[in-house]
Amino acid sequence: MDFFAPVLDGFGTVMDPTNLLYCLVGVVIGMLVGVLPGLGPAATIAILLPLTYGIEPVTAIIMLAGIFYGAQYGGTITSVLLRLPGEASSVVTVFDGYVMAKQGRAGTALGIAAIGSFAGATVSIIGLTFLAPLVASFALDFGPPEYAALALLGILLVATISGASKIKAIIAAAVGLLLATVGRDIFTGAERFTFGNLSMADGIDFAPLAMGLFGIGEILYNLEDRHRAVSAPIKVKRVWPSGKDIKQAAPAMGRGSLLGFFLGILPGGGATISSLVSYAVEKKVAKDPSRFGKGAIEGVAGPETANNAAATSSFIPLLTLGIPANGTMAIIFGALLIQGITPGPQLIGNDPELFWGVVNSMYIGNILLLLMAIPLVGVFIRILRIRAAILAPITVLITMLGAYTIRNSIFDVFLVVVFGALGYVMKKFGFEPGPLVLAFVLGSLLESNLRRSLLVLEGDLGGFFTRPISASLLIVFVIVALWPMLKSFIDKRKTNTLAVQVETEKEKV
Amino acid sequence: MKNRFTRRTLLSLSAAGAALALTACGGNVGGGSADPAKFPNGPVTFTVGAAPGGSTDLIARALSEGLSDELGVAVPAVNKPGANGALATEEVAEMDPDGQNLVMLNASLFTITPLAVSEEEAVTFDDVDVLAGLSQDDYVMIASKKSGFASFDEVASSDEKLSYGTTGVGTGSQLAQELLLAQADVKGTTVPFDSGAPALTAVMGNQVQISTVQLGEAKPQIDAGTVEPLVIFSTERNEFLPDVPTAKELGYDVPVSQFRAVGVPKGLSAEAKSKLTEAIQGATETETYKEFNKNNLLTPHEISGEEVIKEWTALAEKYKSLTEENGISLVSGK
């Protein structure tokens, strides 16, 4: 078996005690920085880069990869417990995860997220092992028109996933789209809504926006609540998901794994879109969609599985094509270059030990992550037993610190405050921040790719329909958009016929 | 209730303690700075106006390793991305000229950005002083395999409608490509991407047929044969890509490269300046740094600060007149 020999050698590389140790170190660091909002894996890896100069390339990359997927899970913890999504891909986890925590089911949410993350990552690694070169070309077929269609579909899903009023969700999404236009126009260099402020030239960063709207907004709202009634610390009923929970979440995990694996391959926004699509799919297939937003376990399991699967499959374009799919991958790309290794199509042939060593370390790393998560869930949920009067200021402090460290900019701290106030007002008037944040992320993706498509297609909109992938995406878009109307029409006819039947029955009698 | 009081007292007590400790620390630092003549006085911060991971950031980090050994203090690289480095440069320019703060300068910020933004926004040498030049990073024009082009002449004589990717508005990639196309009288659609990686990916997938990107990014793909190099924009052939002709050889006047240098706030004392300049020289002479340049396909261009100012000022004028001569604009409405 020519194929399996290098794969098995790769396991040999990982089992080397040094590599195992660095894998563990990476995963632990990753989980910690994931918990701290703002300090993302990209910045952490950049800071730790000099440490890797002296060690073997395989060892270095194993550690850096560990930081990356460790942080993915760490981010879930703050989303569930404190309503602080550290990254765009964990925004949808907030919807049901935080509600579950308020219901005393934080342990269940974190547990299911850990299991889902493990499942998603495992499916992705298996896919990476067997399909990497095959699916890599899929990323290249994604040009501007395909991204535009995908972003369009994403924005439509934003409106459908919201729990409360659809009109309010659309208004919030519209504000998100507007905020996405802030910054220097990347096609003409024109300043848009920057008010001559250089800090706004590159637009508003995702992290201060999300941290303000979700985290600070929620804290302000709860503060007001405290005066009305003394809210007792949340009782934590159960630490670990029951068999029933797992059974309920399993199909969501299966769908999330596949979605995440394929969408994660796409450079830019893959993980975010996959978590969003997964949430929308779960809501669509659920027997009772009204449970979503009120603590539905599938709403945590699906997206969490999807974003971890996507995080893992984002290694495919890096290792097989030499394309970094996101910021973190770009830094790992840089780390490889420093080691004298150029990621690209020849990597697998020239350096099989490195390729398979890194891939196989992810199996081990994810097992380590799961093993650590199980006992730590119990520790983390203790946070919820802390009185709000103590927890709230600490959370605010960590959030501000996190916002500052992203760009070392005090301006971003002000942004958190401004968006915190906006989040509070929105919550008071019954607007969800979710659609705003997601539309914000997708807005710039849509705008730049739509304009890029029009340039490439020379203004011919028909070009969107002659390309197979963008055409299929647009067809899905139309179906999703028209489905509610179609459904209500069918339902109406059903009840009509039923009514007629009842009438005739009555007449017979 | 009583219980609550004790807790509160405890809290305020510990807060007072923390405040005391902080004051004590502050006193310490103040004591150290009583001797302003001494340099370096504590860590020297190296501000980078780009996100972690890009080549600007990697250069700063490689240099700060060596600088730290030379100066005997920590030299942390701090990222402050925004507005192509203008944010970081302006911020450092306003700091005390005590040598404790350095900033990484990109030539494009001084030579190309002014062509795309308003005058007040452009950074000039009135704002900062330059200590030393570091290296040159070249742009290369690449074609997709599917397009079948093997030289720029084939592109110039082609009747096909072609799309040309750039790494963004106001970048060297855009300037070099626009100038070349204008001089060769080639019509095509320019498609700006967010950065180098997507512009490169688009060529690999034949979403655009041609792109101009930085050599370091394109090299792995050139070696793997997934994209075809056509022209390099350095004035002399690049040692990392010796078989690819320069634009100059093909008869075009497009001397566009990215250069990097170390900057400081204006008004630095002569002593601190010479110490820093020596330290930079020492750092660039280490084997690790030389190896770093080679691995990242950077051509060393280690010149003095005065030479940097002269070269960049000349380039800025050259680009201005070239864009006017060829009737091109980097911003909208062309």
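Values quoted throughout were computed directly from the atomic coordinates according to the rules given, and no laboratory measurement underlies them. Everything numeric here is computed off the predicted structure, so don't read it as measured data. Every residue, glycine as well, gets a Cβ built from its backbone with ideal geometry; the counts of neighbours run over all protein chains shown.
Calculated on the Cα set of region B:138-256, radius of gyration then Dmax: 12.4, 33 Å. Here is the size of region A:1-74 from its Cα atoms: Rg then Dmax, 13.6, 46 Å. If R0 is 41 Å, the Cβ-Cβ spacing of B:Lys187 and A:Ile167 corresponds to a FRET efficiency of close to 0.30.
Full extension of the chain between B:Glu94 and B:Ser274 gives 62.7 nm of extra length, using 0.36 nm per residue less the Cα-Cα distance.
With a 10 Å cut-off around each Cβ of B:199-207, the average count of Cβ atoms from other chains is 6.
For chain A, the normalised intensity computed at q = 0.11 Å⁻¹ comes to -0.94 (log10 of I(q)/I(0), Debye sum over alpha carbons, equal scatterers, no solvent).
Taking all Cα pairs closer than 8 Å and separated by 6 or more residues, the relative contact order of region A:1-74 comes to 46 percent.
Sorting A:323-333, A:479-489, B:95-105 by average packing, meaning the other beta carbons within 10 Å per residue, from highest down gives A:323-333, B:95-105, A:479-489. Estimated translational diffusion coefficient (Stokes-Einstein, Kirkwood radius over Cα pairs, 4 °C, 1.567 mPa s) of region B:223-302: 83 µm² per second. Counted residue by residue at 0.36 nm each, then reduced by the alpha carbon distance between them, the extension gain from A:Lys244 to A:Gln103 reaches 49.0 nm. Fully extending the segment from B:Lys290 to B:Glu236, taken as 0.36 nm per residue of separation minus the present Cα-Cα distance, adds 17.4 nm. In the protein assembly as shown, the DSSP-assigned H stretches of four residues or longer account for a calculated mean residue ellipticity at 222 nm of -20500 deg cm²/dmol, using -39500 (n - 2.57) per stretch and the full residue count as denominator. For chain B, the membrane-span-like helix rule (DSSP H, alpha carbon extent of at least 27 Å along the helix axis, mean Kyte-Doolittle at least 0.0) picks out B:2-32; this says nothing about an actual membrane.
On the principal axes of its alpha carbon atoms, chain B extends 86, 56, 40 Å, with the longest extent given first.
What's the local net charge at B:Gly148, with K and R +1, D and E -1, over the other residues with C-beta under 14 Å away? So the environment of B:Gly148 carries a net charge of -3. Sequentially through region A:43-52, phi angles give Karplus couplings (6.51, -1.76, 1.60; θ = phi - 60°) of 5, 4, 5, 4, 5, 7, 3, x, 5, 8 Hz, Gly and Pro residues having no value and appearing as x. Here the Gaussian network model covers chain B, with springs between Cα atoms less than 10 Å apart; of B:Leu215, B:Leu250, B:Leu230, B:Leu250 fluctuates the most. Peptide packing: for A:78-89, A:427-438, A:340-351, the average count of neighbouring Cβ atoms within 10 Å per residue gives the ranking A:78-89, A:427-438, A:340-351, highest mean first. The alpha-carbon of B:Lys145 sits under 16 angstrom from the alpha-carbons of these lysines, leaving out residues fewer than 8 places away in its chain: B:Lys219. Amide H contacts of B:Asp129: B:Val264, B:Lys266, each under 5 Å away and 5 or more positions distant or on a separate chain (H built 1.01 Å from N in the peptide plane; Pro and chain starts excluded). Label positions at A:Phe195 and B:Ala314, each projected 7 Å from the Cα along the C-beta direction, are separated by 4.4 nm. The Cβ shell under 14 Å around B:Gln209 holds other residues with a net charge of -1, Lys and Arg each +1, Asp and Glu each -1.
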